[in-house]
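The structure appears right after this line, and notes come after that.
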Amino acid sequence: MKLKLTSHISTALFYFLLAALLGATLRLFAVTDLPATYRFLVHTHSHIVLLGWVYIALTTLLYKLFLESAEVAVAYRRIFWFTQCTLAGMLLSFPFQGYALFSILFSTLFLVASYLFAWLFLKKVPAAERSRLSFKLARWSVLYMGFSSIGPWALGAIMNTLGSTSVWYKLAIYFYLHFQYNGWFVVALLAVLIYFLERADIHLKPAVQRPLLYLLNSSVVLTFFLSTLFTEPHWSLYVLGAVGALLQTIVLVGLFVWLYPRWHSFSKNLRPGVGALLVWAGVLLAIKSDMQLLSVIPYFAMLAYYTPEFVIGYLHLVFLGVVSIALFAFLKQTGLLLLSRKAMLLYLTVFVITELIIFYKGFSLWLDLPLFENYYLILSIASCLFPLAIILIFLNTVFQANKNSIL
């Protein structure tokens, strides 16, 4: 049995479109009154972009590359539809009640669905793939996905004992987010990149693979302590965070030095436009790494914490930049996504413009600079272009899926 995975990607893009529409709506709160609760929509927006768009796109990619030949289509399809039920439940509960009985119930069921996928992936990937570096990285990413869920599980106990204003409440959320995007998302995307390199007969030497995994995993774990610096902790946590940020930089620089002379040969195996998108994602990943390295300095750690625009800009850099652009590239390379040049140019243009606008406000608050006229209106208009770009990508993908089903 072979699944129509393009329809799964269409589903993921639909969630991305909903998240973009919610993001544009959140921008409108600054320019007009809306009959909705801002905080509830923020919860909906964050859950749908992480668990709807990124999670579904990534798990579909991992299934396509590592599980499609394992004859587990029936089990994977059941997990997929169970996951959709949990996401639908979140969509019907978060906007109206925020964190409450039903939204917590469906969020918990989503964690169960993710554990089922993790079990399927860790147990059923064929033996021929298990010795490859790409699988070892993918396995670690899935383990980080499960590890990150300690944060949500801890939230219930923290809320019942210490309350939502406790520093431990924020640390539980930061724990979840850190191991989601630094562990699950980024390591999984690196696994996919290595997968395509291996298929192009470009391999890291076996003697290098073990140190790479050790340094990478050490950096993922230790950079979590950067998320704790807002508490002004003991100096040892600053040291641990600094070591993690330094190791992360060493890993990225090492991979760049290794890949650079092989890029021309590798790019010949890529579909048109994929190489350029990977370069975009790589540059943004380097910027993300530099920002984390800078946050080791106590002054900048506290500046980021007390300047929401820097935090929002950073999160958008990660999710809309590094993660989403890399996903677009890999989904196009696998044939699961029909990506037009115009739609991608629009997406990249809107991404750059909104990032500049958001970070400008952060710098204006930091350096006491004036905001330009109609700042919030301009940001709202720019944000409304995100859904347009995603609609173009979504319609192209749906058309491709329908065309393939007819053929």
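What follows is calculated from the coordinates using simple rules that are stated; it is not laboratory data. The structure displayed is predicted, hence computed values, not measured ones. Here the Cβ positions follow ideal geometry from the backbone for every residue, glycine too, while neighbour counts run over all protein chains shown.
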Among the helices (runs of 4 or more DSSP H) lying completely within the stretch 113-211, list those that include at least 2 residues that are over 30 Å from GLY254 (Cβ atoms). 150-161, 167-178
Restricting to the stretch 115-140, give me the number of residues that are among the polar types (S, T, N, Q) and without any contact (Cβ under 8 Å) to a residue 60 or more places away in the chain. 1
Residue set SER93, SER103; condition touching a residue at least 24 places away in the same chain (Cβ under 8 Å), farther than 30 Å from LEU197 by Cβ, more than 21 Å from the chain's Cα centre (by Cα) and surrounded by 21 or more Cβ atoms within 10 Å (Cβ to Cβ); output residue SER103
Which one is surrounded by the most Cβ atoms within 10 Å (Cβ to Cβ), of the residues in the stretch 147-168 that are of a type outside the set (A, V, I, L, M, F, W, C) and touching a Leu at 6+ places or on another chain (Cβ under 7 Å)? SER149
Report, by residue number, each residue of the stretch 118-174 that is aromatic (Phe, Trp, Tyr) and in contact with a Gly (Cβ under 6 Å, 6 or more places away or on another chain). TYR144
Helices (runs of 4 or more DSSP H) completely within the stretch 313-407 that count 2 or more residues being more than 23 Å from the chain's Cα centre (by Cα): 341-367, 375-383, 385-406
Hey, ALA329 within 22 Å of PHE179 (Cα to Cα) and surrounded by 20 or more Cβ atoms within 10 Å (Cβ to Cβ) or not: no
Condition met for HIS178 (closer than 22 Å to LEU303 by Cα and either in contact with a strand residue (DSSP E or B) (Cβ under 8 Å, 6 or more places away or on another chain) or surrounded by fewer than 16 Cβ atoms within 10 Å (Cβ to Cβ) (or both)): no
Name the residue, out of ILE312, ILE297, that is within 17 Å of SER380 (Cα to Cα) and surrounded by fewer than 21 Cβ atoms within 10 Å (Cβ to Cβ). ILE312
Options PHE363, PHE319; residue that is touching a Leu at 6+ places or on another chain (Cβ under 8 Å), within 24 Å of THR228 (Cα to Cα) and surrounded by fewer than 18 Cβ atoms within 10 Å (Cβ to Cβ): PHE363
Note: among ARG262, ARG271, ARG210, just one is closer than 25 Å to LEU143 by Cβ and either among the polar types (S, T, N, Q) or surrounded by fewer than 18 Cβ atoms within 10 Å (Cβ to Cβ) (or both), namely ARG210
LEU122 versus (1) touching a Lys or Arg at 6+ places or on another chain (Cβ under 7 Å); (2) farther than 30 Å from LYS205 by Cα: which is the lone unmet condition? (2)
ARG341 versus (1) within 20 Å of LEU18 (Cα to Cα); (2) surrounded by fewer than 16 Cβ atoms within 10 Å (Cβ to Cβ): which is the lone unmet condition? (1)
Matching residues, the stretch 141-169, being touching a residue at least 60 places away in the same chain (Cβ under 8 Å) and either charged (D, E, K, R) or farther than 27 Å from TYR214 by Cα (or both): VAL167
